[in-house]
Structure formats: structure tokens, C-alpha cells
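Visitor: Dropping the structure in here first, questions after.
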Amino acid sequence: MTETSGSQPPGWDMRRTVSSRAVQGRLAAEVLRKLSLAASADRKEDRDIICSEVFADITGDLNSAAQGSTGTLYTRWYEVLAPYFCADEGASEALLSACRRLWGQPFTTPTFALLLHQWLLVHPGAGGADQRLKYLNVLVSGARQLFVGDAETGSAAFAPMFSFLAERVVLSPGGARLAALPETGREAVMALAASFAPYYLGPSGDYVTFLDSFPAPSAVSAGRPPPRDPGRDGGRREGVDFALDRAVEALAREVTAEPGVLAFLAALRALGGTGLLGALRTSTRIRLQAELYALTQPGGPRYASRAVNRAAFRALDALFPRGRRARRLVNAAFRVLHPGEWPWLWWDALWDGARAVRAWARLAGRAARGLWARLAARLRWRPGTGRGILCG
């Protein structure tokens, strides 16, 4: 806090930190109390109601007063609680015990992932050696549900959780946290981050950087971080191929709503011209191209919207420029076979024609302005005669 040294009394930062810690402790105690109450309830309906209330509470937005008492960096309550459980082993063990008694409830797994993801991924001994892999699988399952929910609704409620997973674990400096995970759980965590990176990182350069820095799964082993320069031994190619393959799988099987699909397509389109596609295996390239082409079709199997059709065409043209005209002709031929698509076919033709006319008009306008500027530069006005003379 840069402003506290001059505008706040001495010790204000420390008092605020202590106050924030106290608030976190009270919130954690309330969560544990409610989960214990749910575990002791006799009726399944009562357990469902209490667990849903806990989930709604921890995913709710912080108002200005709550941000003032817990820290302005947080926007949702789970962001306040996750660091607390990460730092307090006793509270984490108590929460883990409560969740074990409620595994059958639909909201337990995502609640577990939101509150204990930092604790499980940061501390090598969290959960115990015998059960650690099981808890990591539960974490991945719950986080995947949350990320799919974000992609289906076009929101970013769980972006902080993804950022921690991607930046602090998968791309952590030296790869120490990733290497400390059990092998099966490690690959599941890497696949989770790779699956939803296009949605959360978007078409900015962040996704390109993410792919370029993604470690090769075979290069990460327990106690041995990935090599400093993985590109020299083929690790970069393996990492890019793994990450894009998981992203294509998520696009094909999990992300179906228009907001999520459009975000994925925009991120994939940004890879055009980066050279990263050259690191893909032939099977991954074919799978990517086939999925993009399926999204350009008006009918099954995806039944994509017109906005998705257009975005998929743009992504295909950016990633695979060869065969662009042939793809357009084939798509137009298929649309002729669907009478319901005829109005859109005419609209596309009119729209493309209007865009072409506008482009030619702009080109002609620029050429005319350039010609006039050159002629004006060669003409000099002679006052009183009403004539200009051509300058040599």
C-alpha cells in the first residue's frame, strides 16, 4: 500500500492485516459450521440446501465494505478464503474432513475445489500421501465443472482460480510445484489448465505466451523440474502439442454455448502466423482443422450459430490459409442443400458483396486523394491571373 506511509498513521497496515486475518478466520469458521451442520442433517434435501447455500456464499461478489476489510485485490469470497485455508493447516484438515462426509452432494466437489485448491497444490504433503492423488482428482473434477460453467455463461467468475492454477503451478518458475505432484495428478492438472486457457487468456498475446511456455509432460518428473530450455530437446513441441490437443478436446466435448465457443475461436485465431502450429503432430493438426470446419457448417453435428460459423471461418483462414476459396465454395454448396439456410446464403452474398464494394471504394478514394495531392504539389497559383502554372 503506497499511500499508507503518508496519509495513514503508523502501524495502520499491520492493523489492517490483522483485521483482514480475523475476518478470514470468522468466515472460515462459518463455512465449517455450515458444512458440519449439513453433514449431521438426516434428510438429503436439508444437506442439499445447506451445501448450495455455502456454495452461493463463497462465490458471491464482495461489496465495497467487504473489500475494505479483506483487501481490495479480491472480488469474490472464495478468493478471501482460499489463501486462509492454504496457510492454516488445521482449518484445511477440518474442511477436508467435512467434505469427505458430503461427497454425495452436488455442490461439495466445486466447493472443495474453490477453497482447497491452493492448499493441495502448494503443500506437497497436503491430504496425506495415500489419499493425495484422490483429492487431486476431486479438485480437477470440481474445477472443470466451474470452468465449464464460466464458458457456458460467458463469465469470468473463476478466472482467479484458473490464474493460480496456470501461473503459480503449471508455469511456476522452475516447475517445482508441478514436479511435486503425483504423476497421474500432475498430468490431470496440466490438462485442466490447457483445456480452458483459450477461454480465460483470450486472443491477446497471453495465450501465445502460455503455449510457448507450456512444459512437456514427459519432461516433468517427481523431483526433477522441466529443462530450462525445453525447445532444444523437443520439449517445446511436445508441450505445445499437448496443450492444443486438450484445448481442441474441450472445444469439441465440453464448450457448447456461443460465448465460450467464440472466445475459444478468437484465441485460436490469434495463433495464425506465430509458427506454433508447426510444433503439432499431424494428428493434432487434422483434429484441429476438422473441429474448426465442423463449426463452419450450418447443421449437425454442432448446429453452430451464424456468429460461430463466421468466427470459425476466420480462424480457419488464419491458421490454414491454403484452400480458403475451396472451403467457401464447399460451404456454400452444403448450404444450398438446406432450404432453411437459403436466406442466410443470400445475406452472406450481399454482405460479402457490400464489403467488396466498400473495400474497392476506399481503395479508389485513396488513389484519387493521392493523385490530387501530387497534382496540387506541381501546381503553383499565380495571384491576379486566376491561373496556375506548372512547376518544373
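The values are calculated or read from the model by the stated rules, or taken from the named source; none is laboratory data. Source: prediction; values computed, not measured. Positions of Cβ are generated from backbone atoms using ideal geometry, with glycine treated the same way; all protein chains shown enter the neighbour counts.
Let's see how each residue does on (1) of a type in the set (Asp, Glu); (2) touching a strand residue (DSSP E or B) at 6+ places or on another chain (Cβ under 8 Å):
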residue	(1), (2)
LEU178	no, no
GLU183	yes, yes
GLU187	yes, no
PHE196	no, no
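Visitor: Continuing with this model, one more query. Given the criteria without any contact (Cβ under 8 Å) to a residue 40 or more places away in the chain, in a helix (DSSP H, G or I) and closer than 23 Å to ALA28 by Cβ, does GLU167 qualify?
Guide: no
Visitor: Residue check: is TYR78 aromatic (Phe, Trp, Tyr), in contact (Cβ under 8 Å) with a residue 60 or more places away in the chain and at negative phi?
Guide: Spelling it out, TYR78 is indeed aromatic (Phe, Trp, Tyr), in contact (Cβ under 8 Å) with a residue 60 or more places away in the chain and at negative phi.
Visitor: Go through segment 278-293 and count every residue that is buried (at least 17 other Cβ atoms within 10 Å of the Cβ) and aliphatic (A, V, I, L, M).
Guide: 4
Visitor: Read through the list (1) modelled with pLDDT of 95 or more; (2) touching a helix residue (DSSP H, G or I) at 6+ places or on another chain (Cβ under 6 Å); (3) surrounded by fewer than 17 Cβ atoms within 10 Å (Cβ to Cβ), then give the number of the only condition that GLY149 fails.
Guide: (2)
Visitor: Still on this structure, I have one more. For TYR135, state whether it is modelled with pLDDT of 95 or more, in a helix (DSSP H, G or I) and surrounded by fewer than 22 Cβ atoms within 10 Å (Cβ to Cβ).
Guide: Here the answer is yes, as TYR135 does meet what is asked.
Visitor: Could you tell me which numbered condition GLY104 fails, if it satisfies all but one of (1) at pLDDT 90 or above; (2) closer than 20 Å to GLY127 by Cα?
Guide: Condition not satisfied by GLY104: (1).
Visitor: Also: So LEU73 ticks every box in (1) farther than 12 Å from LEU102 by Cα; (2) aliphatic (A, V, I, L, M); (3) without any contact (Cβ under 8 Å) to a residue 24 or more places away in the chain; (4) part of a helix (DSSP H, G or I) but one. Which box is left unticked?
Guide: If we test LEU73 against (1) farther than 12 Å from LEU102 by Cα; (2) aliphatic (A, V, I, L, M); (3) without any contact (Cβ under 8 Å) to a residue 24 or more places away in the chain; (4) part of a helix (DSSP H, G or I), just (4) comes out false.
Visitor: May I ask you to list the residues in segment 123-157 that are among the aromatic types (Phe, Trp, Tyr) and under 21 Å from LEU211 (Cβ atoms)?
Guide: If the condition is that a residue be among the aromatic types (Phe, Trp, Tyr) and under 21 Å from LEU211 (Cβ atoms), then PHE147 is the only one that fits.
Visitor: For segment 294-309, how many residues are part of a helix (DSSP H, G or I) and surrounded by fewer than 17 Cβ atoms within 10 Å (Cβ to Cβ)?
Guide: 3
Visitor: Any residue in segment 173-195 that is surrounded by fewer than 17 Cβ atoms within 10 Å (Cβ to Cβ) and hydroxyl-bearing (Ser, Thr, Tyr)?
Guide: Scanning segment 173-195, I find at least one residue that is surrounded by fewer than 17 Cβ atoms within 10 Å (Cβ to Cβ) and hydroxyl-bearing (Ser, Thr, Tyr), so the answer is yes.
Visitor: I would also like to ask the following. Provide a single number: the residues in segment 54-75 that are surrounded by fewer than 20 Cβ atoms within 10 Å (Cβ to Cβ) and either of a type in the set (S, T, N, Q) or out of contact with any helix residue (DSSP H, G or I) (no Cβ under 7 Å at 6 or more places or on another chain) (or both).
Guide: The qualifying residues number 13.
Visitor: On to the next question. Hey, could you check segment 91-122 for residues that are touching a residue at least 60 places away in the same chain (Cβ under 8 Å) and either on the phi > 0 side of the Ramachandran plot or assigned to a helix (DSSP H, G or I) (or both) and say which is surrounded by the fewest Cβ atoms within 10 Å (Cβ to Cβ)?
Guide: ALA94
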